[in-house]
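To keep things clear, I will list the structure first and then write my remarks on it.
The values are calculated or read from the model by the stated rules, or taken from the named source; none is laboratory data. Small disclaimer: the values here were computed from a predicted structure and weren't measured. Neighbour counts run over all protein chains shown; Cβ positions are idealised from the backbone, glycine included.
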Amino acid sequence: MAEIFLQTLPFFAIIALGYASGRSGFFSAEATAYLTKFVFYFALSAMLFRFSANLSLGQVWDWSFVAAYLCGTLAIYVLATVVAMLRRLPVAEAAVEAQVAVVGNVGFLGIPMLTLLLGPDAIGPNMMVLAVDLIVFGSLIVILITGSRDGRVQVGVLKTVGLGLLANPMIVSIALGLAVSASGLPIPEPLNAFVILLGGAATPGALFAIGASLAGKSAEKLSVASWLSFCKLVAHPAAVAVFALLVFTVDPFEASVMIALAALPVAGNVYMLAQHYRVAPQRVSAAILVSTTLSILTVSTVIALVT
């Protein structure tokens, strides 16, 4: 446990450095937004392209893995939704809370950290979890919010969701990488050197951006934030572990990566969606702050247990 904690500590130290820089005003909100944009559209995309270009679709996609993660995640999604509805929240707010309870920071934290901690074999499971989060749950929240406002799901909403997925740089970079891998053509050396150099900025840049963005988050409504953080950090990995190990018997190493990814704190893009649709952004902000702070201990604990 202590050894795993020391291995994860440098990652959270960079997050803390970003937080201190943002909190002190040395790194402004505008600077954080531009750093996040650089990481999202360029550095992380280059890293994902390089990873996926060295994998085949057969190495990435595993139906039992996807089924286990999807079932475990849906179980907590439904639980958070039921609790929200019992509190008489509208459908849109319930959808946002459910999203908070299950969508972790896989892109900015999980892929860089677990690839370094667990080795290159963790890349495939990382890609699958990221794909499910983006395609299934990233679409579901938009459909539920817009459907609850309009009274029904319109065709235009599905078109918007589809175009949004096609424009997501993480999905595009993975798809391009897999296409290059399927072609069997070697990546030209200058291009390979380019994506290695650019992708190398993804890990420190993403971690610093997480910390700097947390500086603007508030910790209001701690009772709700604590409940949602419990769902994300404890209940979600527990549910995923049950389905991965007892129901679908996923490969032990892949299951360990899946469980570790499920234990990650709430993703920042949930706040972006909540703010865009003006649905409980402060509640999401508090959950991100609380879950990220607590994850310094909980993520290390989960990784120690699964390894």
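So, of the residues in segment 1-31 that are modelled with pLDDT of 90 or more and among the hydroxyl-bearing types (Ser, Thr, Tyr), which turns out to be farthest from residue 290 (Cα to Cα)? Result: 28. Counting only residues that are surrounded by fewer than 17 Cβ atoms within 10 Å (Cβ to Cβ) and either among the small types (Gly, Ala, Ser) or part of a loop (DSSP other than H, G, I, E, B) (or both), segment 222-237 holds 2 of them.
One residue alone among 81, 73 is on the phi < 0 side of the Ramachandran plot, more than 17 Å from the chain's Cα centre (by Cα) and buried (at least 17 other Cβ atoms within 10 Å of the Cβ), and that residue is 81.
A quick yes/no check of all residues on (1) surrounded by fewer than 19 Cβ atoms within 10 Å (Cβ to Cβ); (2) modelled with pLDDT of 85 or more; (3) of a type in the set (Gly, Ala, Ser):
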{"position": "193", "(1), (2), (3)": "yes, yes, yes"}
{"position": "197", "(1), (2), (3)": "yes, yes, no"}
{"position": "206", "(1), (2), (3)": "no, yes, yes"}
{"position": "241", "(1), (2), (3)": "no, yes, yes"}
{"position": "247", "(1), (2), (3)": "yes, yes, no"}
{"position": "299", "(1), (2), (3)": "no, yes, no"}
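Scanning segment 264-294 for residues that are in contact with a strand residue (DSSP E or B) (Cβ under 9 Å, 6 or more places away or on another chain), within 30 Å of residue 252 (Cβ to Cβ) and in a helix (DSSP H, G or I) yields 291, 292.
For segment 15-42, filtered to residues that are touching a Ser or Thr at 6+ places or on another chain (Cβ under 8 Å) and among the polar types (S, T, N, Q), the residue that is surrounded by the most Cβ atoms within 10 Å (Cβ to Cβ) is 32.
On the given criteria, is residue 12 surrounded by fewer than 16 Cβ atoms within 10 Å (Cβ to Cβ) and farther than 24 Å from residue 176 by Cα?
Details: surrounded by fewer than 16 Cβ atoms within 10 Å (Cβ to Cβ): no; farther than 24 Å from residue 176 by Cα: yes.
Taking the combined requirement at face value, the residue does not satisfy it.
Just to be sure, is residue 48 buried (at least 17 other Cβ atoms within 10 Å of the Cβ), over 19 Å from the mean Cα position of the chain (by Cα) and under 27 Å from residue 206 (Cβ atoms)? No; evaluated as a whole, the condition is false for this residue. Contact annotation: residue pairs with Cβ atoms under 7 Å, 6 or more positions apart or on different chains, pairing a residue in segment 277-290 that is more than 21 Å from residue 18 (Cα to Cα) and without any contact (Cβ under 8 Å) to a residue 24 or more places away in the chain with a partner that is part of a helix (DSSP H, G or I) and among the small types (Gly, Ala, Ser), are 281/274.
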